[in-house]
Amino acid sequence: MIFGSAMWLWLGLGVLIPIFIHLWNKKEKKPRLLGTFRFLPEESRAAASRIELHEIPLLLIRMGIVVLVMLLMAELFWQKESEPVQRISIQEVKDGEQIWKKDESGIVELKISAEKINLHGWWNILQQVEHEYLPEYVTVDGGFTQDRFKGNRPYSSASVTWNRVDSLQHQQKILATWIDADKNAKALSQLKTENGVVTNVTDIEGEEALSAENITLILNSENAESINTGLRYAAEMLSISVEERVIPNIAQVEKGESIVNLVELISENGKRDWAEPNKWTGVSFNISGLDTKQVFAESFIETESGEPFFGLNSTDDFIINGQVEAELVSWVYAGIGNALLLHSLKVGEALYPVMEENQLMVNKSSSAIRSAVQPHSARNWLFGLLLLFWVVERMIAPRRGM
């Protein structure tokens with residue numbers, strides 16, 4: 001047995017507490033014979049005096065509960081004999097449960113579903129394999145996009161070889177489809193190339209066009225021309241039709257039966273703040289009229305002090321909280337319009353850049369010791385025993401008056 005946090009072993013002194021409680025109750029509840037007890041046979045009185053011996057199981061159970069709590073705090077590990085594996089092959093498969101097998105040459109093969117890899121990430125899977133099998137060599141066959149490497153790089157004593165299997169990954173993905181002003185079906189698609197991921201708006205036909213819906217950006221004709229210029233530019237970049245008419249808000253997007261509003265809220269005595277460069281506009285800008293009481297469900301642009309300037313509210317409408325400098329209005333609203341339209345098109349997932357070979361290198365552990373003895377946490381066993389002891393203690397204690 002080994003302990004992850006041996007400093008908690010001092011809690012073992014707590015076993016004295018149930019003993020003190022037991023002795024105190026024994027002293028306070030010393031039986032006294034009534035006068036009528038003299039007519040009872042001596043054997044019956046002797047049996048009555050021995051009834052306190054039945055409290056010993058309760059005492060032991062309470063002492064056991066203290067010991068179990070101590071072992072949980074000290075993070076007890078069992079040492080299990082297990083021979084390290086020389087080579088492990090991890091293979092990504094599109095569907096199915098995790099499959100483990102060992103061939104005649106002693107190589108362990110792990111087949112893991114793409115769904116599990118997307119959920120946990122390659123780093124976590126590699127750490128689990130390192131802990132369970134202590135391999136000398138690991139080969140990984142699968143897709144290596146950046147979204148699949150979650151968390152920090154693990155330390156590994158094994159040599160890891162990555163073999164990219166492009167057939168398991170999307171080379172091209174359609175993110176959204178719609179009908180433009182000329183009644184043509186359009187698609188926002190991403191294509192993986194040697195130079196990275198390229199995003200394009202393309203014409204589509206056939207089955208891919210069947211799911212396309214009409215989408216229109218409605219601009220308030222009473223807006224400042226600089227605002228409408230920026231919003232119109234965002235629509236043109238996506239080949240989305242634009243209309244102008246008097247509406248209560250700055251703009252709205254109509255897609256099928258759904259409507260997403262773009263609303264501006266300005267506080268007359270609001271504070272001033274700066275927004276840092278962001279992925280839509282690429283520039284910093286000053287914001288005046290910020291209302292610090294606004295609560296957003298999701299914020300896309302925040303100021304330096306963390307106040308939200310642009311984002312979604314609880315009713316899934318876009319809110320603009322404040323105003324920007326006149327010379328930057330068109331640029332800022334072009335970015336806002338792009339975010340508004342992509343949200344209305346329900347563009348969420350996208351292709352991710354592929355990890356380069358130098359990015360896939362794991363951190364070599366200089367202190368890793370290969371051993372046939374592997375620690376396994378006893379936490380689940382201890383929790384189970386603690387629950388059992390507690391249930392038995394609750395059943396016995398009321399009967400003993402303790």
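Calculate, for N124 and R164, the FRET efficiency according to 1/(1 + (r/R0)^6) with r their C-beta to C-beta distance and R0 22 Å; round to the nearest 0.05.
0.70
Grab the beta carbon distance between I396 and E213, set R0 = 51 Å, and tell me the FRET efficiency rounded to 0.05.
0.15
Among rounded, prolate and oblate, which fits segment 205-276 when a ≥ b ≥ c are the square roots of the eigenvalues of its C-alpha gyration tensor, a/c under 1.5 means rounded, and a/b larger than b/c means prolate?
Verdict is prolate for segment 205-276.
So, in nm, how far is label L13 from label A350 when the simple model puts each one 7 Å beyond its Cα toward the Cβ?
Reported label-point gap for L13 and A350 is 6.0 nm.
Pick out, in residue order, every one of the trypsin sites (Lys or Arg not before Pro) in segment 138-247 that is DSSP loop and has at most 15 other C-beta atoms within 10 Å; say none if there are none.
On the way: sites: R148, K150, R164, K173, K183, K186, K192, R232, R245; in loops: K150, K183.
The qualifying sites are K150, K183.
If I model a spin label as a point 7 Å beyond the Cα along the Cα-Cβ vector, how far apart are those points for S284 and E132 in nm?
Computed distance between label sites S284 and E132 equals 5.0 nm.
Amide H of D291 versus every other amide H placed in the peptide plane: which residues, excluding those fewer than 5 positions away on the same chain, fall under 5 Å?
S267
If we count every other residue with Cβ under 14 angstrom of L312's Cβ, Lys/Arg +1 and Asp/Glu -1, where does the sum land?
Working: positive: K346; negative: E298, E302, D316, D317.
Net local charge, L312 excluded: -3.
Please give the length that would be gained between Q171 and T229 if that part of the chain were fully extended, namely 0.36 nm times their separation in residues minus their C-alpha to C-alpha distance (nm, one decimal).
Stretched fully, the Q171-T229 segment lengthens by 17.4 nm.
So for segment 210-344, averaging the separation of alpha carbon pairs under 8 Å that are six or more residues apart and normalising by length, what relative contact order in percent results? Could you put the intermediate results ahead of the total?
Numbers: 284 pairs, mean separation 35.9, N = 135.
Here the relative contact order equals 27 percent.
Sort 284-291, 323-330, 390-397 by packing, meaning the average of other beta carbons within 10 Å per residue, with the highest value first.
284-291, 323-330, 390-397
Hey, for a label at T193 modelled as a point 7 Å past Cα toward Cβ, could you say which residues of segment 277-304 have their backbone N under 20 Å away?
Nothing falls inside the zone, counting backbone N under 20 Å.
Taking the Cα centroid of segment 227-258 and of segment 284-321, what is the distance between the two, rounded to the nearest whole Å?
After rounding, the separation between the Cα centres reads 20 Å.
What net charge is computed for the residues neighbouring A209, neighbours being all others with C-beta under 10 Å from the C-beta of A209, Lys and Arg scored +1, Asp and Glu -1?
-3
Over 29 Å between C-alpha atoms is what I'm after, so list which of K116/K186; K116/K173; K111/K150 land there.
Cα-Cα > 29 Å for K116/K186; rest within.
Which aspartates and glutamates, if any, have their Cα less than 16 Å from the Cα of K293, not counting same-chain residues under 8 positions apart?
By straight Cα distance, K293 reaches E264, E268, D273, E302, E307.
Using a Förster distance of 30 angstrom, determine the FRET efficiency expected from the C-beta separation of E236 and R272, and round it to 0.05.
After rounding, the FRET efficiency stands at 0.40.
Using alpha carbon centroids, what distance separates segment 104-148 and segment 153-184, in Å?
18
Read-outs: derived from the displayed coordinates by stated rules, not from any lab. Since we're looking at a predicted model, the values are computed, not measured. Cβ coordinates were reconstructed from backbone atoms using ideal geometry, including for glycine residues, and neighbour counts include every protein chain displayed.
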